[in-house]
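Data first, discussion second: the structure below is written as structure tokens.
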Amino acid sequence: MSLIIQNISKHISLTPEEALLFLSKTETKLYKSKTIILNAGEVCKYSYFVNSGLLRSFNINDNIVEHVLSFACEGWWIGDMYSLLSQKPGNLFIEVLEDAEVVLLSKENQEQLYLEIPKLERFFRILTENSLVAHQERLMDNLSLSAEERFEKFCKKYPTLIQKVPQKQIASYIGVTPEFFSKMKSRLLRK
């Protein structure tokens with residue numbers, strides 16, 4: 001069974017025929033590391049599912065500072081939800097951090113699948129709800145936890161990413177400068 005069908009099966013059951021129909025509406029692409037698959041200012045036309053590799057979404061502010069919003073490793077979904085749902089230009093970049101095989105599901109095909117396999121609406125509702133909860137939790141963490149606590153939480157949530165992701169991107173994700181992150185990490189290692 002393909003990884004994306006396994007992912008869907010965590011929340012809903014598809015018949016073999018429904019799984020084949022779903023897969024027929026997707027496209028699988030291979031991307032090299034450092035490829036930008038979505039630029040800020042573009043309309044996000046796809047939900048991206050990572051079969052292998054590593055992606056990140058980020059924004060660049062007016063001071064040319066990157067703010068990492070999320071990472072997506074094998075078995076995770078990623079996209080610019082604002083742009084995908086509104087079909088307006090978004091403000092996120094999506095970059096391949098490690099050579100990746102990615103399944104693309106277009107907004108148009110997703111809507112068509114809702115009509116042909118109505119239970120997929122439930123699946124994507126669950127994904128959207130989980131995403132909303134995770135983003136709210138991250139916002140609350142940024143408001144109430146120390147940088148060290150946010151880093152510890154990151155390490156627990158993404159244990160495999162610590163060695164794969166550049167430290168400056170981890171620093172950006174937890175909301176500190178690379179310099180502060182380096183000092184904090186040294187301090188934590190001395191404990």
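The values are calculated or read from the model by the stated rules, or taken from the named source; none is laboratory data. Keep in mind it's a predicted model, so treat the numbers as computed, not measured. As a convention, Cβ positions derive from the backbone with ideal geometry for all residues, glycine included, and neighbour counts pool all protein chains shown.
Couple of notes before you dig in:
- Residues that are closer than 16 Å to His67 by Cα and among the aromatic types (Phe, Trp, Tyr) within segment 139-191 comprise Phe151, Phe154, Tyr173, Phe180, Phe181, listed in sequence order.
- Any pair with Cβ under 7 angstrom, 6 or more apart, that starts in segment 120-141 at a residue that is without any contact (Cβ under 8 Å) to a residue 12 or more places away in the chain and ends at one that is assigned to a helix (DSSP H, G or I): Glu121/Tyr114
- Scanning segment 95-117 for residues that are within 18 Å of Asn7 (Cβ to Cβ), in contact with a strand residue (DSSP E or B) (Cβ under 6 Å, 6 or more places away or on another chain) and buried (at least 19 other Cβ atoms within 10 Å of the Cβ) yields Ala100, Val102, Val103, Leu105.
- Check on Val102, under 19 Å from His11 (Cβ atoms) and either touching a residue at least 40 places away in the same chain (Cβ under 8 Å) or hydrophobic (A, V, I, L, M, F, W, C) (or both): no
- Condition check for Ser146: surrounded by 15 or more Cβ atoms within 10 Å (Cβ to Cβ), among the hydroxyl-bearing types (Ser, Thr, Tyr) and more than 14 Å from the chain's Cα centre (by Cα): no
- For Ile4, the conditions (1) modelled with pLDDT of 95 or more; (2) exposed (fewer than 15 other Cβ atoms within 10 Å of the Cβ); (3) not in a strand (DSSP E or B) all hold with the exception of (2).
- The single condition among (1) under 16 Å from Tyr46 (Cβ atoms); (2) over 18 Å from the mean Cα position of the chain (by Cα); (3) without any contact (Cβ under 8 Å) to a residue 24 or more places away in the chain that Leu85 does not satisfy is (2).
- Applying the set (1) buried (at least 19 other Cβ atoms within 10 Å of the Cβ); (2) at pLDDT below 95; (3) at positive phi to Ile64 leaves exactly one unmet item: (1).
- Inter-residue pairs, beta-carbon under 7 Å, first farther than 10 Å from Phe151 by Cα and in segment 167-179, second not in a helix (DSSP H, G or I), 6+ apart: Gln169/Arg56; Gln169/Val68; Ser172/Glu66; Ser172/His67; Ser172/Val68
- Among residues of segment 7-43, those that are surrounded by 13 or more Cβ atoms within 10 Å (Cβ to Cβ), aliphatic (A, V, I, L, M) and either more than 17 Å from Leu55 (Cα to Cα) or without any contact (Cβ under 8 Å) to a residue 12 or more places away in the chain (or both), counted: 7
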